[in-house]
Amino acid sequence: MKSSPNLPKKVKIVEVGPRDGLQNEKEFVPIEIKVELINQLSNAGFPNIEAASFVSPKWIPQMAGSAEVMATIARKSGIIYSALTPNMKGYEDALAAKTDEIVIFSAASEVFAQKNINCSIAESVERFIPVVNAAKRDGIRVRGSISCSFGCPYQGLVEPRQVAEVVKRMMDLGCDEIDIADTIGVGTPGEVAAVFEEILAFAPKELFSGHFHDTYGQSLANIYAAMEMGISIFHSSIAGLGGCPYAKGATGNVATEDVLYMLKGLSIETGIDFDAAVNIGEYITKTIGKPNASRAGRAITAKKSTGD
Ligand code: HMG
Ligand code: MG
């Protein structure tokens, strides 16, 4: 098996299914199912699980009960359990829930920031200052997420320099990791290369992750393009669950099983049990009555059921 010498030997997968995947579900997913999902992911060797979101339940009703989820999961040492915190209220709840990593989130598009967090990009950064200061004081890791880095459902085109501006603000805040997010899955590999080229001109590659939704079927190619630029952290959602409540028509993140299948084929290490991930994708989709959007997951499950 041959892989490009430019590709990383090891990749960190951040499993966002319990948060990004489930947040868009119309029917409330009971706490015990969320907990069971996270526990199964922990047992399968995922190093970082986005488990909760301490946002306003008026905005995202599905994430109500995040404190209970965090209190009930069976934590494994070494695993980072992350949660979204848009403001100090979210931070205080995340701290009380013993969150290992908080996620502050803004956008490269002004309109999207308004729709998603009800403020401008500059206001969001102001709002994050006390949140990040508190997290640093409390020894909690901070991740910054930049939505619409490759296009916005309202504004359309987003230029790489707009992403770079928000990256600089997140770096000034003191983020330990920064997600370059394709919220609506419109980016293509050339655009991924262009955005990373822009930001890697002033920041280290280890700081960034790729968060690709799969709306236009580009995310595996986008991950490959990002790996060629030296990026080695990627977000994915088990069974490709998800969408975006503020981006109509957007599908879930790239399916974890599909990413693992590709990385396995490239001999890139993740530490995650692929077969267990396939089973988890089947478990959660059957339990909540959704189609399994992972091509690899469906193929392996079909193969098993026919005994081939
Ligand atoms: P606002 O209405 O401007 O805020 O919302 P507010 O301060 O006026 O508060 C309104 C009400 O919400 C108040 O309650 C607050 O107490 C409450 P009321 O007095 O009316 O009863 N509230 C809270 N409750 C619980 N937890 C909190 C909290 N904050 C206020 N933390 C706000 C501003 C930021 C709160 C709101 O816009 C919000 O919660 N937005 C979250 C939107 C969201 O979660 N979007 C999805 C996640 S982002 C994403 O998916 C993108 C990502 O995956 C990357 C990508 O793909 O692009 C990360
Ligand atoms: Mg997302």
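The values are calculated or read from the model by the stated rules, or taken from the named source; none is laboratory data. None of these values were measured; they are calculated from a predicted model. Positions of Cβ are backbone-derived with ideal geometry, glycine not excepted, and every protein chain shown enters the neighbour counts. All accessible areas refer to the heavy atoms of the entire protein, side chains included, with ligands and DNA or RNA removed. Shrake-Rupley method; radii C 1.70, N 1.55, O 1.52, S 1.80 Å.
Kirkwood hydrodynamic radius computed over the chain comes to 19.1 Å, based on all pairs of distinct alpha carbons.
Grab the Cα-Cα distance for residue 68 and residue 9, subtract it from 0.36 nm times how many residues apart they are, and report the gain in nm with one decimal.
On the way: separation 59, 0.36 × 59 = 21.24 nm, distance 3.70 nm.
Stretched out fully, the residue 68 to residue 9 stretch lengthens by 17.5 nm.
Counting only trypsin sites (Lys or Arg not before Pro) that are in a DSSP loop and have at most 16 other C-beta atoms within 10 Å, tell me the longest site-free stretch of the chain. Formally, the longest exposed-site-free interval is 99-247. Listed values for region 70-75 are Karplus-derived 3J(HN,Hα) couplings in whole Hz (6.51 cos²θ - 1.76 cosθ + 1.60, θ = phi - 60°), namely 5, 6, 9, 4, 8, 6, and x replaces Gly and Pro.
Given a cut-off of 23 Å, name the pairs among 89/115; 136/168; 34/98; 34/58; 98/264; 98/136 whose C-alpha atoms lie farther apart than that in the structure shown. Going by Cα-Cα distance, 98/264 fall outside the 23 Å limit. A Förster radius of 35 Å combined with the Cβ-Cβ distance from residue 126 to residue 216 puts the calculated FRET efficiency at roughly 0.55. Every helix of 4 or more DSSP H residues in the chain counts as -39500 (n - 2.57), and over all residues that averages to -13000 deg cm²/dmol at 222 nm. Sequence neighbours fewer than 8 away in the same chain don't count; with that in mind, list the aspartates and glutamates whose C-alpha is under 13 Å from residue 304. List returned: 275, 282. Taking the Cβ-Cβ separation of residue 133 and residue 27 as r and a Förster radius of 35 Å, what is the calculated FRET efficiency to the nearest 0.05? E(calc), rounded to 0.05, equals 0.40.
Local charge sum around residue 220 (other residues, Cβ-Cβ under 14 Å, Lys/Arg +1, Asp/Glu -1)? Present the calculation step by step, with values, prior to reporting the outcome.
Numbers: positive: 264, 295; negative: 182, 214, 228, 257, 258.
So the environment of residue 220 carries a net charge of -3.
In the chain, a dipole from Cβ-located charges (positive for Lys and Arg, negative for Asp and Glu) runs towards its positive end, and of 84, 130, 31 it is 31 whose Cα lies farthest in that direction. Under a 5 Å amide H cut-off, with hydrogens placed 1.01 Å from N, residue 243 pairs with 24, 253 among residues at least 5 apart or on other chains. Once C-alpha pairs closer than 8 Å and six or more residues apart are averaged by separation and normalised to the residue number of the chain, the relative contact order reads 20 percent.
Could you give the size of the charge dipole of region 12-306 about its Cα centre, using +1 on the Cβ of each K and R and -1 on the Cβ of each D and E, expressed in debye and rounded to the nearest 20?
Numbers: 27 positive and 35 negative charges, 100 e Å.
It works out to roughly 480 debye.
Radius of gyration (Cα atoms) of region 189-308, expressed as a multiple of 2.2 N^0.38 Å: 1.13. Accessible surface computed residue by residue for region 80-225, with neighbouring protein chains in place and a 1.4 Å probe, gives 38 Å² per residue.
Say the dipole of the chain comes from +1 at the beta carbon of Lys and Arg and -1 at that of Asp and Glu; which of 74, 268, 178 then lies farthest toward its positive end? Working it through, the farthest residue towards the positive pole turns out to be 74.
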